[in-house]
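Shown next, in structure tokens, is the structure this report addresses.
Each reported figure results from applying straightforward, stated rules to the coordinates on display, with no laboratory input. Predicted model only: the values in this text are computed from it and were never measured. In this analysis, Cβ positions are derived from the backbone assuming ideal geometry, glycine residues included, and neighbour counts consider all displayed protein chains.
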């Protein structure tokens with residue numbers, strides 16, 4: 001029984017380790033879905049902007065820095081949104 | 001069955017090895033087929049390690065005493081839950097559990113890695129598999145838990161588990177710690193993977209934050225459970241003794257906490273890249289170092305496993321980790337340069353950096369205390385130990401500084417704060433805290449450290465309250481028609497991570513007040529009573545009603561029945577039953593403490609012994625002020641961490657769903 005189970009486990013493991021080479025024909029990396037990463041970046045930038053606004057409203061960020069960071073984050077966000085518009089999938 | 005368990009472990013070892021090579025090859029050649037292999041190898045390592053763990057659990061459940069490890073750590077009298085938890089009661093099983101939990105983290109990451117950058121993930125999985133390979137090497141070749149008893153006669157019953165470990169906290173505390181340690185391996189894998197792949201944007205940091213938070217939360221819960229176990233089981237009235245094994249889990253907790261703070265600076269300001277790499281590596285290194293401490297026999301501890309000869313393997317592995325990191329960080333040094341410098345010492349960046357330095361100082365002081373006996377023996381030939389007074393003398397002032405930084409750090413502006421804004425922000429909380437400190441002096445609390453600790457803890461809670469009220473005012477101004485409740489809800493939902501962090505800080509402040517009270521105002525008394533006698537202590541009166549005996553198959557016990565009453569009017573509060581047990585198998589006495597938990601204080605009593613005639617019974621009592629608030633503070637910390645973690649988890653789930661839909665479309 002132990003021998004049979006060990007044999008079965010070995011065969012299953014060997015098969016699963018070799019299988020990707022049989023089914024995927026050694027192609028180059030499929031890039032991760034770009035839109036997912038872009039949505040991720042969008043959410044992060046929106047959250048950073050929300051935090052910045054709260055920090056400014058509660059007096060933790062000076063007006064000068066608020067303008068500077070907001071412009072920087074805004075530029076990054078518009079770049080992400082443009083890319084998303086061009087690659088809706 | 002045991003052969004099958006060991007065979008599975010060998011297969012897991014091979015899979016981890018395949019995972020390393022296929023991961024490196026996939027990272028270098030960027031071939032999808034090899035990436036498929038490393039993912040499969042990671043899952044298969046989990047499967048095979050899981051099978052081995054299940055086999056050992058089953059062996060414990062059915063009391064298979066042909067297995068030496070099962071015979072050593074369990075017996076038939078034990079409850080089935082303790083029989084299974086005996087799996088991590090010894091060195092061999094605990095290493096297997098570690099390997100299994102690490103493989104679960106690795107499998108989860110392999111399942112999620114479709115959402116992570118493909119050029120990074122083969123390297124990350126390769127590093128994770130190398131960590132698995134190390135622990136599996138230890139389990140397979142050095143601490144194999146599937147060894148047979150090589151004798152004609154198989155004992156009908158086992159040795160049993162130390163009675164102190166037969167406790168619900170011991171069922172949950174070690175797995176929680178291991179879950180923390182193994183989850184914190186994932187950020188380490190991301191870190192080294194990013195260094196190998198040259199993928200050193202801020203993304204790897206952001207991707208690992210969720211793992212670090214979850215690992216940190218497990219570690220926090222594990223440490224709290226361990227403290228509670230020590231409190232209710234060991235009978236010395238405390239929860240933390242700076243024992244080397246306690247310190248082994250505390251040191252990575254400190255560096256992980258430092259990382260959780262400094263990661264915010266990298267995300268927002270692209271600073272401290274090199275610092276963060278080293279914090280992550282140090283955290284992982286300290287988990288391995290902790291394992292070395294508890295299993296090598298270099299330090300003496302009540303919790304340490306038996307002296308073994310596996311210590312050198314851990315040291316070798318630590319050497320490999322740090323050498324690899326030094327080489328990689330040197331190679332990638334130009335990409336790890338900070339984009340900006342700290343512009344003012346009066347800024348959030350500077351204070352977060354100072355907070356990191358304090359965390360590392362506490363970690364260093366703790367390590368110094370732990371290693372001092374070893375170092376002193378190496379240098380002078382005499383082993384000298386440092387005790388609780390050393391740790392308290394060094395770490396208490398540092399902790400107080402941390403509480404101060406915890407109060408002001410999150411409220412101060414990024415980049416540069418002005419003195420006028422500081423005065424505006426902190427004037428109210430500071431004056432109120434000062435007022436409370438003055439009141440405390442009037443009620444008799446005049447010692448410097450307790451007064452400072454109470455003042456700073458209150459100050460940190462008040463700054464959070466003040467910050468929330470300011471944010472609420474802004475929210476109300478933007479939405480004058482909304483109700484207070486809906487505004488608060490909106491604010492919390494929009495900035496859940498930020499307020500989750502503040503909740504954690506409040507939990508820390510509550511715990512700090514409790515720890516201060518326990519350290520400064522604990523009452524401790526040893527005394528003996530005869531039947532009918534009463535002792536007055538504090539605001540309590542304690543009467544010994546009777547002493548009885550009880551006996552079962554495992555132990556015999558002396559049980560005292562005592563009435564706890566108010567000292568003033570002698571009105572009864574509760575009846576307490578402290579016990580002293582003598583276990584036949586281990587031939588050791590243990591105490592079962594009796595505890596009356598209250599919001600003001602815990603009344604804690606342990607039966608220390610009896611005289612020859614059995615007439616006089618000696619006891620040890622502790623009155624621990626505000627003790628229950630330590631556990632409540634721990635709950636608040638966990639709640640805050642869940643508050644931060646949940647949105648990220650939800651976001652990841654949404655990403656997974658979207659990815660799955662895309663797969664289906666393809």
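Things to note:
- Taking label positions 7 Å along the Cα-Cβ direction at both residue A:83 and residue B:476, the computed distance is 4.3 nm, reported to one decimal.
- Overall dimensions of the range B:13-118 by Cα: Rg and Dmax, Å: 17.5, 57
- Those residues of the range B:6-23 whose amide nitrogen sits under 19 Å from the label point placed on residue B:320, 7 Å along Cα→Cβ: B:9-23
- Ellipsoid fit via the Cα gyration tensor, the protein assembly as shown: semi-axes of 45, 40, 22 Å, each the root of five times an eigenvalue, largest first.
- Percentage of interatomic Cα-Cα distances in the range B:598-648 larger than 13 Å: 70 percent
- Working note: Cα gyration tensor of the range B:416-522, eigenvalues times five, square-rooted, sorted largest first, giving semi-axes of 31, 17, 12 Å.
- Placing a pseudo-label 7 Å from each Cα along the Cα-to-Cβ vector at residue B:434 and residue B:354 gives an inter-label distance of 1.9 nm.
- At 0.692 mPa s and 37 °C, Stokes D of the range B:437-500 from Kirkwood alpha-carbon radius, µm² per second: 235 µm²/s
- The ratio of the alpha-carbon radius of gyration of the range B:492-571 to the globular-protein estimate 2.2 N^0.38 Å is 1.88.
- Cα Rg, Dmax (largest Cα-Cα span) when computed across the range B:279-409, Å: 18.3, 52
- Added length on full extension, which subtracts the Cα-Cα distance from 0.36 nm per residue, residue B:365 to residue B:384: 5.2 nm
- Between the range B:147-198 and the range B:519-541, the C-alpha centres lie 41 angstrom from each other.
- Unit Cα scatterers, Debye sum, the range B:90-138: log10 I(q)/I(0) for q = 0.18, 0.21, 0.24, 0.30 Å⁻¹: -0.57, -0.70, -0.83, -1.08
- Once the C-beta distance of residue A:15 and residue B:147 is scaled by a Förster radius of 25 Å, the resulting FRET efficiency is 0.20 to the nearest 0.05.
- Inter-chain shielding of A:6-18 (mean C-beta neighbours from other protein chains, 10 Å cut-off): 5
- Inter-chain shielding of B:410-418 (mean C-beta neighbours from other protein chains, 10 Å cut-off): 4
- Sorting B:26-39, B:105-118 by their mean Cβ neighbour count within 10 Å, with the most densely packed peptide first, gives B:26-39, B:105-118.
- Reducing the range B:331-409 and the range B:14-73 to their Cα centroids gives an inter-centroid distance of 37 Å.
- Just so you know, the Cα atoms of chain B work out to an Rg and Dmax of 27.2, 85 Å.
- Rounded to 0.05, the FRET efficiency of the residue B:600 and residue B:21 pair, given R0 = 56 Å and the Cβ-Cβ distance, is 0.35.
- Efficiency of FRET between residue B:309 and residue B:552 - r from beta-carbon atoms, R0 35 angstrom, step 0.05: 0.35
- Distance distribution note for the range B:179-316: the fraction of Cα pairs above 19 angstrom is 54%.
- Shielding of B:7-16 by partner chains, average beta-carbon count, 10 Å: 3
- In this simple spin-label model, placing a label point 7 Å from the Cα along the Cα-to-Cβ direction at both residue B:587 and residue A:22 gives a separation of 6.1 nm.
- Residue separation of residue B:77 and residue B:111 scaled by 0.36 nm, minus their Cα-Cα distance, works out to 8.1 nm of gained length.
- Normalised alpha carbon radius of gyration of the range B:89-197 [divisor 2.2 N^0.38 Å]: 1.37
- Residue-averaged [θ]222 nm for chain B, counting only DSSP H segments that reach four residues, each worth -39500 (n - 2.57): -22500 deg cm²/dmol
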